[in-house]
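Below is one structure, written out as structure tokens, with a few remarks after it.
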Amino acid sequence: MKAVVQRVDQAAVSVGDRTVGEIGHGALVYLSIAPTDTPETVSRMASKLAELALFPDEHDRISRSVANEGHGLLLVSQFTLHADLAKVRRPSFLGAARPEIARERYEQLIRVLRERAIQVETGEFGAHMAVESVNDGPVTFLLEIDE
């Protein structure tokens, strides 16, 4: 499982002309599921996303998390993070999970985060989406959890 996590002042995702998810100050997360990802992978990623230090404390050190601050996550599925670019001309997506498996893990992650009282907004799985964000910092991290 891979995630690109960006600290944002605001972010929104739309499908067509309707906004399907939006947050104020928080984290925009692009998520890609691997074929080998399990419920344990989901649990580990949920912990990372909830507890990752993204926000400054009173001394301006990045030490506060979404869970600490009560900020939201905007979770957007993005299988292209698992692209193999070795041949550069045309990416291979064999490293990404099949849609039915990816959707199941994506929905599990949303449930686990919400069970932890994290505010989660989402894109629409499998849809062509327009994502708008105002990055803060910028602060961006790449998380990878392998099984």
**Study point:** Residue satisfying all of: in the range 51-81; in contact (Cβ under 8 Å) with a residue 24 or more places away in the chain and polar (S, T, N, Q); surrounded by the most Cβ atoms within 10 Å (Cβ to Cβ) among these
**Key:** Ser77
Review point. Name the residues in the range 82-96 that are surrounded by fewer than 20 Cβ atoms within 10 Å (Cβ to Cβ) and touching a residue at least 24 places away in the same chain (Cβ under 8 Å), would you?
Key: Gly95
Check your understanding: Is there a residue in the range 8-17 that is loosely packed, with under 14 Cβ neighbours inside 10 Å and either within 11 Å of the chain's Cα centre (by Cα) or free of Cβ contacts under 8 Å to residues at least 12 places away in the same chain (or both)?
Key -> yes
**Study point:** Which listed residue, of Ile101, Ile33, is of a type outside the set (D, E, K, R), surrounded by fewer than 21 Cβ atoms within 10 Å (Cβ to Cβ) and either at positive phi or touching a residue at least 60 places away in the same chain (Cβ under 8 Å) (or both)
**Key:** Ile101
Revision key, fill the gap. Scanning the range 76-100 residue by residue, the ones that are more than 17 Å from Leu142 (Cβ to Cβ) and under 17 Å from the mean Cα position of the chain (by Cα) total 2
Practice item. Report the residue count in the range 126-146 for those that are farther than 23 Å from Ser43 by Cβ and assigned to a strand (DSSP E or B). Key: 11
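Against the condition farther than 19 Å from Gly70 by Cα and in contact with a His (Cβ under 8 Å, 6 or more places away or on another chain), how does Ala34 come out, does it pass?
Details: farther than 19 Å from Gly70 by Cα: yes; in contact with a His (Cβ under 8 Å, 6 or more places away or on another chain): yes.
When the stated conditions are applied, Ala34 passes them.
Out of the residues in the range 126-147 that are of a type in the set (A, V, I, L, M, F, W, C) and surrounded by 17 or more Cβ atoms within 10 Å (Cβ to Cβ), state the one that is modelled with the highest pLDDT. Break it down into steps so the answer makes sense when it comes.
Here is the first cut: in the range 126-147, the ones of a type in the set (A, V, I, L, M, F, W, C) are 127, 129-131, 134, 139, 141-143, 145.
Filter once more, so that each one left must be surrounded by 17 or more Cβ atoms within 10 Å (Cβ to Cβ): 129, 145.
Numbers: Met129: 98, Ile145: 93.
Per the criteria, the residue is Met129.
Look at Gln108 and say whether it is closer than 19 Å to Glu144 by Cα, out of contact with any helix residue (DSSP H, G or I) (no Cβ under 8 Å at 6 or more places or on another chain) and in contact (Cβ under 8 Å) with a residue 12 or more places away in the chain. So that I can check it myself, show each step before the final result.
Numbers: closer than 19 Å to Glu144 by Cα: yes; out of contact with any helix residue (DSSP H, G or I) (no Cβ under 8 Å at 6 or more places or on another chain): no; in contact (Cβ under 8 Å) with a residue 12 or more places away in the chain: yes.
No.
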Point to revise | Verdict on Thr41 being at pLDDT 95 or above, more than 13 Å from the chain's Cα centre (by Cα) and under 13 Å from Tyr106 (Cβ atoms) | key: yes
**Study point:** Boolean, Lys48 is touching a residue at least 60 places away in the same chain (Cβ under 8 Å) and farther than 17 Å from Gly126 by Cβ
**Key:** yes
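The values are calculated or read from the model by the stated rules, or taken from the named source; none is laboratory data. This one's a predicted model, so the numbers in the text were calculated from it and none came from an experiment. No Cβ is skipped: glycine too gets one built from the backbone with ideal geometry, and neighbour counts run over all protein chains shown.
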